[in-house]
1. So how strong a dipole does region 319-425 carry about its Cα centre when Lys and Arg Cβ are +1 and Asp and Glu Cβ are -1, to the nearest 20 debye?
2. Starting from the Cα of Phe351, step 7 Å along the direction of its Cβ; do the same at Ile316; then give the gap between the two resulting points in nm.
3. Counting only other residues whose beta carbon sits under 15 Å from that of Gln260, what net charge do I get with K and R as +1, D and E as -1?
4. Per-residue HN-Hα couplings for region 402-415, Karplus 6.51 cos²θ - 1.76 cosθ + 1.60 at θ = phi - 60°, whole Hz, x for Gly and Pro?
5. Charges on Cβ only, +1 for Lys and Arg, -1 for Asp and Glu, centred on the Cα centroid of region 315-393; of Asn317, Leu356, Ile372, which one is farthest towards the dipole's positive end?
6. Taking H placed 1.01 Å from N in the peptide plane, check which residues at least 5 places from Ser342 or on another chain put their amide H under 5 Å from its amide H.
7. For region 316-327, take each phi angle, set θ = phi - 60°, evaluate the Karplus expression 6.51 cos²θ - 1.76 cosθ + 1.60, and give the result in whole Hz per residue in order, putting x for glycine and proline.
8. Taking θ = phi - 60°, what integer Hz values does the Karplus form 6.51 cos²θ - 1.76 cosθ + 1.60 yield along region 185-199, in sequence order, with x for Gly and Pro?
Amino acid sequence: MAVGPNAPTLQCSRFAMDRTRCTQTASVADGRCRQCDGLDRPEDGLPQQQLREPVASQESGGSQVDISPLASRAADDVIASEMPEPSGRGDRCSAEVQSPSLPEDPRSPGTEAALRCTSAGAARQADQAPIAETALRVVREAARLAETAADTATRRAARATSGGQSAAEAAMHASHAHALDAARYAKLAVEDHAAGELRPLPNYARSAIASCRLAEIAAGVPDTTAPLTAALEAYKSPQELLEEAERRSRFELEYEKQQQTETGMDALNRAKRYRDVGTAEQVIPMLGWSRQMVRVIQHAADGRLWVDSSGTARLINRTGAPGRVVAAARVRLLRQAGYLSSGSDREADTFLLPSLGAQRVLYLAGLHPDGIHPDDRAAHAARFKAALRDRRGKQAARNTAARLPQLDRWAMRHADDLPVSLAQQQEARAWSSCSSTGR
């Protein structure tokens, strides 16, 4: 670069750290001013004169200029600054990696503790192996039995009649849901057994047994889970069996107390009511009754249905005199079906009383009111539709719909074994005690 009074004026090429350019005039060969010539470049981070590349001097005979000791120290500082400072856990980890690993003394406390843990884990694994194998067989068998119960419910739903179709389908869906739960527990047990996790297997087996039992209850088949439960109970110690019996006893007492508070019945009468609810769900929709018919039977059961001298059915009012007239067609339909009868040989000036079948219908209708139609027209249409479903002609279906169906022997079963509430039992005991004392 030419330097002199006639040389072109150039600005200093050095930039500061904040990227502001020097405002001085360049006066050296590298395009810098004399003040910036010895300073470091921001893009290099090192002094310009200390880290300048060695060049060959042709004039000095081709010898190469070495890096000065100051540049060597600067390079070492740069390398040291780029290396991370060891501290804390990283320092120890680096030392462990760099230092050669020495064989650990088997007599050291850490080695002995590790050996004891390993031996204890192997012992627990060996102790869990027999019950794990049994639990695996049990959970598979429970899944199979639950699937069998669900298939039984499906076949019953396929053969169900029109009246019990909805109940059979509900039982089928509930049984299949519990069977799917049992299959899921069996799949989890197989996966854990394959992975070597043996501890959860007994819990999976118990859950599968519970799901299998619920599937059998929903399908209405006998209980087949007792052998599976006994196979799991065989591996329990007497102390565990005693603790489980105590927990089960406490749970049963609390559950019984809660159910008695909600229903007002003990366990035996609750089972009877549950049985009758199932009967009502199948019988009431098949009868084709209306709410007005049920109300007439209720009036007859209360002793308020009176037939006057003209043969007209009336209700006895509060004063004991005959009151408003009851629909003659409705009363005639109930009397023709045998649900109403006079208390004597007379057909007039007498009370109409409900028969045993009518009392049974009245009780079942209270357990399943959704099976009762809102009026006589809807009830007649339901009876006509049911008659057509039995593949009868229209005229035969009309004749069938004009009559009320009779209760069969299956619907009348357990008619004399009705559930009794706790209040009724207490009243009966009080009456019995009063009768025995002669009061």
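The values are calculated or read from the model by the stated rules, or taken from the named source; none is laboratory data. For clarity, every value in this text was computed on a predicted model and none was experimentally measured. As a convention, Cβ positions derive from the backbone with ideal geometry for all residues, glycine included, and neighbour counts pool all protein chains shown. We work out accessible area using only protein heavy atoms, side chains counted, and drop any ligands, DNA or RNA first. Shrake-Rupley method; radii C 1.70, N 1.55, O 1.52, S 1.80 Å.
1. Here the size comes out at about 720 debye.
2. The modelled label-to-label distance comes out at 0.5 nm.
3. My count for the surroundings of Gln260 gives -1.
4. Using θ = phi - 60°, the values come out as 6, 10, 8, x, 8, 7, 8, 5, 5, 6, 8, 5, 6, 5 Hz.
5. Positive-end residue among those listed: Ile372.
6. For Ser342, the qualifying residues are Leu353.
7. Each residue's phi maps through the Karplus curve to give 6, 7, 5, 7, x, 9, x, x, 5, 7, 8, 3 Hz.
8. Once rounded to whole Hz, the list reads 5, 5, 5, 5, 5, 5, 5, 5, 5, 5, 7, x, 8, 9, 5.
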